[in-house]
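The values are calculated or read from the model by the stated rules, or taken from the named source; none is laboratory data. Model, not experiment: these values are computed from the prediction. Here the Cβ is made from the backbone with ideal geometry for all residues, glycine too, and neighbour counts use every protein chain on show.
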Amino acid sequence: MDKIPYLGQTLTRWQVGNSTFLALPEKGARLMNWNLTLGDGSVRDVLYWPELGSIEDFAKVRGGNPILFPFNARTFDRGDIHFWRAPDGVRRPMPMHGIARQGDFKVTRLDARGFAAQFVPGEEARACYPYDYEFTVTYRFEPLGLSCEFTLRNLGTEPLPWSAGHHFYFTVPWSEGAKRADYLIRIPATKRLRQDANGQLIPGPQLNTDESLANKALIDTFHTGLRDSEVAFGEKGRPGDVVLRLGTSKVPPPEATFVTWTLADDSPFYCVEPWMGPANAPEHKQGLHFVPPGQTQSFVVTVTIR
């Protein structure tokens, strides 16, 4: 573990086996890059991070793993985007992907295998989510993988609503000369949904368990009703698949969701995102969880290379 300068900031770098991890825990608890040194000495980027000239708009950089809390993606209140209505009936603002990715965190643990960072709500966060709580992001790094645990502790007197998730930007393709069409993804879902312009869930495309990453029908699709907690994707006929596990049970809760997304056909990344539930959970209630007063809930995701 060492410190390196980066655009006026100080990053932490971990070397765990053949894996190198780079993070700026104080800014959004952001894991920025993960790369793997292969047997021939070459380096494979697992998590994509672009070349930047400035740290400005760091929260909006398309790379690494932005933390989505307390809600994923777009929330709506009666058709109006970037709002949500709390159980007390009050309408409040809620930015795209919530309040954590652009927020400050304080590091509560930093060692040779990872870190833990606690969210420090600012003025915007308190206006959007006016509760008494502790939200902590904990990373544990392994030679061929990582685990990330969200912990939400309710310090107040009313139940805390949440439906959080991850926005992993995986490097695809990762082999020289390969194309996105050379990659397959396996998602054991029984239901696929999308979000309409008013935030409501609508039926998604008909897809097979195994699909090419070049299939545009995957983009912006919520894969739910999972028969298994694992999703895997990789280059056809070659080792090195990325395997994501949502939760700690063989079969996750029925509303647990994987999301597939990318920006363009030639984007150097492909996002596979494990979420507690589909977007806009406060309104449609699917995947919406509540932490009772005085209690704590966790959401755990692991990523490994096989």
- request: Report the residue count in segment 1-23 for those that are touching a Gly at 6+ places or on another chain (Cβ under 9 Å) and more than 15 Å from T304 (Cα to Cα).
  value: 4
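Can E134 be described as over 20 Å from the mean Cα position of the chain (by Cα), within 17 Å of Q102 (Cα to Cα) and either surrounded by 21 or more Cβ atoms within 10 Å (Cβ to Cβ) or free of Cβ contacts under 8 Å to residues at least 24 places away in the same chain (or both)? Quick ask: steps written out before the conclusion?
Numbers: over 20 Å from the mean Cα position of the chain (by Cα): no; within 17 Å of Q102 (Cα to Cα): yes; either surrounded by 21 or more Cβ atoms within 10 Å (Cβ to Cβ) or free of Cβ contacts under 8 Å to residues at least 24 places away in the same chain (or both): yes.
Spelling it out, it is not the case that E134 is over 20 Å from the mean Cα position of the chain (by Cα), within 17 Å of Q102 (Cα to Cα) and either surrounded by 21 or more Cβ atoms within 10 Å (Cβ to Cβ) or free of Cβ contacts under 8 Å to residues at least 24 places away in the same chain (or both).
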- prompt: What do you reckon, is H167 within 25 Å of F290 (Cα to Cα) and in contact with a Leu (Cβ under 9 Å, 6 or more places away or on another chain)?
  reply: yes
query: Is it fair to say N154 is touching a Pro at 6+ places or on another chain (Cβ under 7 Å) and over 30 Å from W49 (Cβ atoms)?
result: yes
- prompt: Among the residues of segment 189-206, is there at least one that is closer than 18 Å to L244 by Cβ and assigned to a loop (DSSP other than H, G, I, E, B)?
  reply: no
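Taking only segment 181-229 into account, find how many residues are on the phi > 0 side of the Ramachandran plot and buried (at least 19 other Cβ atoms within 10 Å of the Cβ).
The first filter runs over segment 181-229 and keeps only residues on the phi > 0 side of the Ramachandran plot, leaving 199, 220, 225.
Now restrict to residues that are buried (at least 19 other Cβ atoms within 10 Å of the Cβ): 199.
So the count comes out to 1.
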task: Please go through segment 146-164 and pick out each residue that is surrounded by fewer than 21 Cβ atoms within 10 Å (Cβ to Cβ), farther than 11 Å from V291 by Cβ and of a type outside the set (S, T, Y).
output: E149
query: Give me the pairs: first residue in segment 191-206 and at pLDDT 95 or above, second residue of a type in the set (D, E), beta-carbon distance under 7 Å, and six or more apart or on different chains, which are they?
result: R194/D220; G199/E283; I202/D196
- prompt: How about segment 79-120: which strands (runs of 3 or more DSSP E) wholly inside it have at least 3 residues that are modelled with pLDDT of 95 or more and surrounded by fewer than 23 Cβ atoms within 10 Å (Cβ to Cβ)?
  reply: 91-93, 104-111, 114-120
task: Give the residues of segment 235-251 that are surrounded by fewer than 22 Cβ atoms within 10 Å (Cβ to Cβ) and touching a Lys or Arg at 6+ places or on another chain (Cβ under 9 Å), sorted by residue number.
output: P239, G240, D241, V243, V251
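Yes or no, residue by residue, for (1) of a type in the set (A, V, I, L, M); (2) touching a Ser or Thr at 6+ places or on another chain (Cβ under 6 Å); (3) under 21 Å from I305 (Cα atoms); (4) modelled with pLDDT of 95 or more:
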position	(1), (2), (3), (4)
T224	no, yes, no, yes
E230	no, no, yes, yes
G240	no, no, yes, yes
F258	no, no, yes, yes
S267	no, no, no, yes
E283	no, no, no, yes
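So is A23 modelled with pLDDT under 95, surrounded by 14 or more Cβ atoms within 10 Å (Cβ to Cβ) and under 16 Å from the mean Cα position of the chain (by Cα) or not?
Working: modelled with pLDDT under 95: no; surrounded by 14 or more Cβ atoms within 10 Å (Cβ to Cβ): yes; under 16 Å from the mean Cα position of the chain (by Cα): yes.
Considered against the rule, which asks whether it is modelled with pLDDT under 95, surrounded by 14 or more Cβ atoms within 10 Å (Cβ to Cβ) and under 16 Å from the mean Cα position of the chain (by Cα), A23 comes out as no.
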message: Being in contact with a Ser or Thr (Cβ under 7 Å, 6 or more places away or on another chain), at positive phi and not in a strand (DSSP E or B): is that true of G287 here?
response: yes
- line: Per the filter on segment 39-55, residues without any contact (Cβ under 8 Å) to a residue 24 or more places away in the chain and touching a strand residue (DSSP E or B) at 6+ places or on another chain (Cβ under 6 Å) are V43
